[in-house]
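The values are calculated or read from the model by the stated rules, or taken from the named source; none is laboratory data. Just so it is clear, the structure is predicted and the values come from calculations on it, not from any experiment. All Cβ positions, glycine included, derive from the backbone under ideal geometry; neighbour counts span all protein chains shown.
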Amino acid sequence: MTARIIDGKSVARKLRGEYQGRVRRLVASHGLQPGLAVILVGSNPASRLYVSNKVRACEEVGIRSERIELPGDVAESTLLAEIDRLNADPTVHGVLVQLPLPPHIAMPRVLERISADKDVDGFHLYNVGGLLTGSTVFPPCTPYGVQKLLEHERVEIAGRNVVVVGASNIVGKPTAMMLMQKDATVCICHKLTRDLAIFTLLADILVVAAGVPNLIVPQMVKTGAVVIDVGINRLPDGRIVGDVDFEGVKEKASLISPVPGGVGPMTVTMLLYNTLRSAERSVGVHHGDDAALDGA
């Protein structure tokens, strides 16, 4: 068996085309252009690249973007005041603070300061708590991208055994909660899990987000499993690889996402979706694919 490779770039391109159409309709019918504000603190090269990618993606679908750069030694009170300004600006529908933040700034305080109605990253306590009840306003972008990939590939989730390797607040835990809402039986493994293979071999759907290069090898994967690799790791030789031994596991899985080109393009795409959806919600526009997220 050789797995079919999930083309995240293609799926993201298709979704962005749909969102571009929704943006145009929103502008035509309500005179409203969705707006995203991104705050970058300091000069971390990776963060600058991520912010540039997000700004470029906004331009692609017609979302107005505002990039706010603050020095690395900025006072926390100044950052919070900037968030307050954006929360009060009716032309801004999404507010995002690029992580990580300098150590002198309390990340929880910053994330909770963003209005839950503009929290397009999905990190506010209100949205995180909503994952437990299926009524979150904005799902976190990477987990939502994983769900969208599975939906696009018509992978049955209900009743399947899902194993999530990695228990971060940004990816692992919310992914587990979202797939549990889809009636999967979910197990979360983490760095202290003993005999990891015992769990991964049970997975019909294996989602790996541990940040460890080639952690998952073929003998740890059930034949025919769907494997979603969220990991992004740079090796000493400069190569970018995931958490899964791609070449080995693709000979055993039925579907597998590559790194790069799998989940990565979906993360930014779901940020665009959340921003668009925030703008639509502000004027009472709803779509069928929003029903579950609205708690309907």
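A few points about this structure:
- Glu251 surrounded by fewer than 24 Cβ atoms within 10 Å (Cβ to Cβ), modelled with pLDDT of 95 or more, part of a loop (DSSP other than H, G, I, E, B) and not assigned by TED's automatic domain parsing to the domain that holds Arg64: yes
- Matching residues, segment 166-208, being farther than 17 Å from Leu255 by Cβ, aliphatic (A, V, I, L, M) and touching a residue at least 60 places away in the same chain (Cβ under 8 Å): none
- Filter pass, Thr267 being closer than 30 Å to Val120 by Cα, of a type in the set (S, T, N, Q) and touching a residue at least 60 places away in the same chain (Cβ under 8 Å): yes
- Criterion (in contact with a Lys or Arg (Cβ under 7 Å, 6 or more places away or on another chain) and buried (at least 22 other Cβ atoms within 10 Å of the Cβ)) met by exactly one of Thr223, Thr269, Thr200, Thr275: Thr269
- Qualifying residue in segment 120-139 (condition: in contact with a His (Cβ under 6 Å, 6 or more places away or on another chain) and closer than 24 Å to Gly284 by Cβ): no
- Just one residue in the set Val259, Val230 is touching a strand residue (DSSP E or B) at 6+ places or on another chain (Cβ under 6 Å), outside the structural domain of Gly122 (by TED's automatic domain parsing) and in contact (Cβ under 8 Å) with a residue 12 or more places away in the chain; that residue is Val259.
- Within segment 47-83, tally of residues that are of a type in the set (A, V, I, L, M) and either without any contact (Cβ under 8 Å) to a residue 24 or more places away in the chain or over 19 Å from Val110 (Cα atoms) (or both): 7
- Verdict on Thr275 being in contact with a His (Cβ under 7 Å, 6 or more places away or on another chain) and either acidic (Asp, Glu) or touching a residue at least 12 places away in the same chain (Cβ under 8 Å) (or both): yes
- Filtering segment 100-124 to residues that are within 16 Å of Leu70 (Cα to Cα), among the hydrophobic types (A, V, I, L, M, F, W, C) and touching a residue at least 40 places away in the same chain (Cβ under 8 Å) leaves Leu101, Ile105.
- Hey, Ile105 in contact with a strand residue (DSSP E or B) (Cβ under 8 Å, 6 or more places away or on another chain) and either under 24 Å from His152 (Cα atoms) or acidic (Asp, Glu) (or both) or not: no
- Residue in segment 67-82 that is under 18 Å from Asn274 (Cβ atoms) and buried (at least 17 other Cβ atoms within 10 Å of the Cβ) present: no
- Every condition in (1) assigned by TED's automatic domain parsing to the domain that holds Pro102; (2) of a type in the set (Ser, Thr, Tyr); (3) over 20 Å from the mean Cα position of the chain (by Cα) is met by Ser47 except one, and the failing one is (3).
- Answer from Glu153, Glu112 - the residue that is under 20 Å from Met266 (Cβ atoms) and surrounded by fewer than 24 Cβ atoms within 10 Å (Cβ to Cβ): Glu153
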